[in-house]
Amino acid sequence: MSEKLWIFDTTLRDGEQVPGCQLNTQEKIVVAQALEALGVDIIEAGFPISSPGDFNSVVEISKAVSNPIICALSRAVEKDIEVAAAALKYAKKGRIHTGIGVSPYHIQYKLRSTPEDIIERGVKAVKFAKRFVEDVEFYAEDAGRAELPFLAQIIEQAIKAGATVVNIPDTTGYCLPEQYGAIIRYLKEHVSNIDKAIISTHCHNDLGMATANTIAGIQHGARQAELTINGIGERAGNTSLEEVVMAIKCHQSIPVHTDIQTERIYGTSRLISKLMNMPVQPNKAIVGRNAFAHSSGIHQDGVLKHRENYEIMDPKEVGVHESSIVLTARSGRAALKHHLDSLGVELEGEALREVYEDFLLLADKKRDIGPKDLLALVGKYLDES
Ligand code: KIV
Ligand code: ZN
């Protein structure tokens, strides 16, 4: 049996930071319950100090959800941590996620501080959070651009202070997969107490690398992944949950499994898209409208002969009823015949060839060819029979 990968969903925290995506408490409860049904292990429910509304949402989600750990974000600031702990009062299993910037940019320009002071503040925050909950996750913000010896030092101290999970965010989405994987490997090799904590990935998608970086992190030893549904999140987004989960399911060489109920992926994606008013791009992997739509003649013919010729997963595995054969001017006769058959019209040989020629003339002019168009095209043959 492979090791478990803990799925930490941050749709309601990092995802909800996107302008225009804000949800009210009732909507957040609906999302949290959908995430629970999906099988995520941890729900990052919000950043309680940020607003009374966010505080209240963390409280209500804690009451409404039983299985997942409920996590609340805080900066490495005592007041933040106190408020996060108060918001988690009703959580059956609560986690405080606290941390600080660790890259030279963050230390010098954002926090106007020194490496020594950053370690002290990080350690203090973890110790303070431990007064309220056993489960404390430490994030090393902008770890993707940190100096590795310093990163190793602060992670070691955070674990010593009691961190149960150490989060290594590529906050700016800067890393390449090899680099991100190498950071996780470096920590495995240079942090003496690393086995006392779970290493978490948290990748952003500024270069379109978030999924690849997350997988690289897992391959080098991370056992928690921080993800959002549909990859929503600040700027170009976070790592998308559905991509990581299905990559793991499709590749046995990735040595982990998840407890995600994959057949709920598509429904959950639709729910988030609708509630957050955030359309999913049609060619989005796994959940886009075209993810299982075949439109060129060669592919259509191949997939009709055997689904796996052009599909690496069964659409039903992610909750999509079936793949579709779209009729366009690039479609072949096999696709046309498939659609005619489904309308109960069986044409072969010369008749099929003739209708196909008429179909191409129409498809060159019209983008969407539907059942009505097909029935009009074959009308002559129906009359004759
Ligand atoms: O991207 C990031 O660094 C974060 C942290 C607050 C975990 O979202
Ligand atoms: Zn983030």
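Any read-out appearing in this document is the output of simple, stated calculations on the displayed coordinates, not a laboratory observation. The structure presented is a predicted model; accordingly, all values stated were derived computationally and were not measured. Reconstructed Cβ throughout: ideal geometry from the backbone, glycine too, with neighbour counts over all protein chains shown.
Odds and ends about this structure:
- Radius 14 Å from Cβ of LEU151, net charge of other residues (Lys, Arg +1; Asp, Glu -1): -3
- Farthest toward positive dipole pole in the chain [+1 Lys/Arg, -1 Asp/Glu at C-beta], among TYR186, GLY288, GLY332: TYR186
- Low-density loop cleavage sites - trypsin sites (Lys or Arg not before Pro) in segment 78-154, where at most 13 other Cβ are within 10 Å (DSSP): LYS89, LYS92, ARG112, ARG131
- Fully extending the segment from GLU134 to GLU178 would add 12.5 nm, taking 0.36 nm per residue of separation and subtracting the current Cα-Cα distance.
- Taking amide H positions as modeled 1.01 Å from N, with prolines and chain starts lacking one, the residues under 5 Å from GLY101 and 5 or more places away or on another chain are GLU141.
- Helix-derived mean residue ellipticity, 222 nm - over the chain, DSSP H n ≥ 4, -39500 (n - 2.57), to 500: -12500 deg cm²/dmol
- Translational diffusion of segment 256-385 was estimated from the Stokes-Einstein equation, with Rh taken as the Kirkwood radius over Cα pairs; at 20 °C and 1.002 mPa s the coefficient is 130 µm²/s.
- A simple spin-label model places the labels of ARG235 and SER2 3.0 nm from each other, with each point 7 Å out along Cα-to-Cβ.
- Overall dimensions of segment 110-169 as given by Cα atoms, namely Rg and Dmax in Å: 11.0, 31
- Counting every alpha-carbon pair across segment 190-346, the share separated by more than 22 Å comes to 51%.
- Amide H partners (placed H, <5 Å) of THR239, local residues excluded: CYS203, THR228
- Net charge dipole size for segment 50-138 [Lys, Arg +1 and Asp, Glu -1 on Cβ; Debye, nearest 20]: 140 debye
- Radius 15 Å from Cβ of GLU322, net charge of other residues (Lys, Arg +1; Asp, Glu -1): -3
- Across segment 333-343, computed HN-Hα scalar couplings (Karplus, 6.51 cos²θ - 1.76 cosθ + 1.60, θ = phi - 60°) run 5, 4, 5, 4, 4, 4, 5, 5, 4, 5, 8 Hz from first to last residue, x flagging Gly and Pro.
- For segment 101-162 versus segment 317-332, the gap between their alpha-carbon centres in whole angstrom: 49 Å
- Residue-by-residue Karplus 3J(HN,Hα) for segment 226-232, coefficients 6.51, -1.76, 1.60, Hz, glycine and proline x: 9, 9, 10, 5, 6, x, 6
- What you get for the chain, charging only the Cβ of Lys and Arg (+1) and of Asp and Glu (-1), is a dipole of about 980 debye around the Cα centre.
- Globularity ratio of segment 1-83, using Cα Rg and 2.2 N^0.38 Å: 1.10
- Separation of alpha-carbon centers, segment 53-82 and segment 86-100, rounded to whole Å: 5 Å
- Where labels lie 7 Å past Cα in the beta-carbon direction, separation of HIS257 and ALA37 in nm: 2.4 nm
- Note on the chain: dipole from Cβ charges, positive end direction compared against ILE265, THR11, ALA351; the farthest Cα belongs to THR11.
- Of the GluC sites (Glu not before Pro) in segment 232-295, those whose Cβ has at most 11 other Cβ within 10 Å and which sit in DSSP loop: none
- Within the chain, percent of DSSP bridges classed antiparallel, to nearest 5: 0 percent
- Volume per residue of the C-alpha convex hull in segment 208-273, rounded to whole Å³: 86 Å³
- GluC sites (Glu not before Pro) restricted to DSSP loop in segment 289-347 with at most 16 other C-beta within 10 Å: GLU311, GLU322, GLU346
- Percent of Cα pairs exceeding the 22 Å cut-off, where the set is segment 43-130: 31 percent
- Amide H to amide H, with H built 1.01 Å from N, ARG95 comes under 5 Å of ILE70, CYS71, ALA72, counting only residues 5 or more places away or on other chains.
- Rounded FRET efficiency, nearest 0.05, which uses the C-beta distance separating ARG353 from GLN17 and R0 of 41 Å: 0.15
- Estimated D of the chain in µm² per second, where Rh is the Kirkwood radius over Cα pairs and Stokes-Einstein applies at 37 °C, 0.692 mPa s: 144 µm²/s
- Karplus-derived 3J(HN,Hα) values for segment 159-167, using 6.51 cos²θ - 1.76 cosθ + 1.60 with θ = phi - 60°, are 5, 4, 6, x, 4, 8, 9, 10, 9 Hz; glycine and proline are entered as x.
- Count, lysine Cα pairs under 17 Å in segment 84-234, 8 or more residues apart or across chains: 11
- Alpha-carbon gyration tensor eigenvalues x 5, square-rooted, for segment 143-196, Å: 19, 11, 9
- Separation of alpha-carbon centers, segment 189-217 and segment 349-385, rounded to whole Å: 54 Å
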